[in-house]
Amino acid sequence: MNNNQTPHRLNIRMIISLILVVVAIGVWSLYLSKDDTPSAADNSRALIGGAFELTNHKNEMVSDKDFLGKYMIVYFGYTYCPDVCPMDLQIMTDSMHHLPQEIANKVTPVFVTIDPERDTVEVMAEYVQYFHEDLVGLTGTLEQINTIKKAYRVYAAKADETEDYLVDHTAYTYLMDTDGSLLKHFNHGEDPEQMASIMATLIK
Ligand code: NI
């Protein structure tokens with residue numbers, strides 16, 4: 001090893017690691033200044049939700065603004081779903097019925113289709129009748145549905161290309177705050193009573 005090169009190499013290494021530390025501190029402080037002491041809850045609160053324009057099951061154009069001021073419990077699925085969606089919509093319905101009436105009155109239950117090609121306004125109108133009396137069915141163009149799917153971080157994809165195709169999809173039920181931000185999400189197959197008691201503690 002050449003004695004002249006060693007300190008030189010060390011210097012370059014030191015300079016590079018110094019630069020890396022400075023860059024890391026810079027990135028970290030940028031991150032911190034963006035969102036004061038971010039927590040996982042704050043992050044998901046900010047990540048889920050957003051603007052949308054869709055058509056409800058009464059064939060009226062609606063947007064996210066029409067739902068502000070009330071809490072929203074929202075599920076994404078499709079009416080041809082053989083099991084998961086009807087089960088979760090029944091759980092949503094039951095949880096709403098477990099809520100004290102004055103709290104339930106503050107919540108709009110919403111079902112958004114991720115299969116707008118088959119879930120027309122007429123199909124949605126028929127389907128929502130099987131669940132909560134206030135359930136709002138939302139459909140739209142493929143583009144409109146893609147927008148709300150992105151906003152709510154929903155994954156959905158046709159499982160096959162047959163006429164009676166199934167759709168793979170995430171099965172979360174979101175409780176949204178009166179300002180349209182996420183309060184809480186529930187997983188598939190939640191216990192309705194448990195869900196109602198959690199909702200009751202979050203709804204003011
Ligand atoms: Ni489903």
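Derivation of every value follows stated rules applied to the coordinates shown; laboratory data play no part. Small disclaimer: the values here were computed from a predicted structure and weren't measured. Positions of Cβ are generated from backbone atoms using ideal geometry, with glycine treated the same way; all protein chains shown enter the neighbour counts.
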Inset, instruction - State which entries of Lys65/Lys158; Lys58/Lys149; Lys65/Lys204 exceed 25 angstrom in Cα-Cα distance in the structure shown. - result: Lys65/Lys158
Legend entry - Sparse-neighbour loop sites [chymotrypsin sites (Phe, Trp or Tyr not before Pro); segment 66-163; at most 12 other C-beta within 10 Å; DSSP]: Tyr130, Tyr155
Inset, instruction - Using a/c under 1.5 as the rounded threshold, could you call segment 66-199 rounded, prolate or oblate? The axes a ≥ b ≥ c are square roots of the C-alpha gyration tensor eigenvalues, and prolate needs a/b larger than b/c, oblate otherwise. - result: prolate
Inset, instruction - Evaluate E = 1/(1 + (r/R0)^6) for Ser63 and Lys106, where r is the Cβ-Cβ distance and R0 equals 22 Å; express this FRET efficiency to the nearest 0.05. - result: 0.65
Inset, instruction - Starting from the Cα gyration tensor of segment 118-174, take the square roots of the eigenvalues, sort them a ≥ b ≥ c, and report rounded, prolate or oblate (rounded when a/c is under 1.5, otherwise prolate if a/b is larger than b/c, else oblate). - result: oblate
Inset, instruction - Output ³J(HN,Hα) for segment 193-204: one whole-Hz value per residue in order, computed from phi by the Karplus curve 6.51 cos²θ - 1.76 cosθ + 1.60 with θ = phi - 60°, and x for Gly and Pro. - result: 5, 4, 4, 5, 5, 5, 4, 4, 6, 8, 8, 8
Inset, instruction - Let me know the volume per residue of the alpha-carbon convex hull for segment 87-130, in Å³. - result: 80
Legend entry - Amide hydrogen neighbours beyond the local backbone of Leu166, cut-off 5 Å, H modeled: Ala159, Asp160
Inset, instruction - Report the residues of segment 94-133 in range of a label on Thr178: point 7 Å along Cα→C-beta, backbone N strictly under 16 Å from it. - result: 102-108
Inset, instruction - Would you work out which of Leu175, Pro109, Ala156 lies farthest towards the positive end of the dipole of segment 70-183? Charges go on Cβ: Lys and Arg +1, Asp and Glu -1. - result: Leu175
Inset, instruction - Quick one: grab the alpha carbon gyration tensor of segment 138-201, order the square roots of its eigenvalues as a ≥ b ≥ c, and give me rounded if a/c is under 1.5, else prolate or oblate depending on whether a/b is larger than b/c. - result: oblate
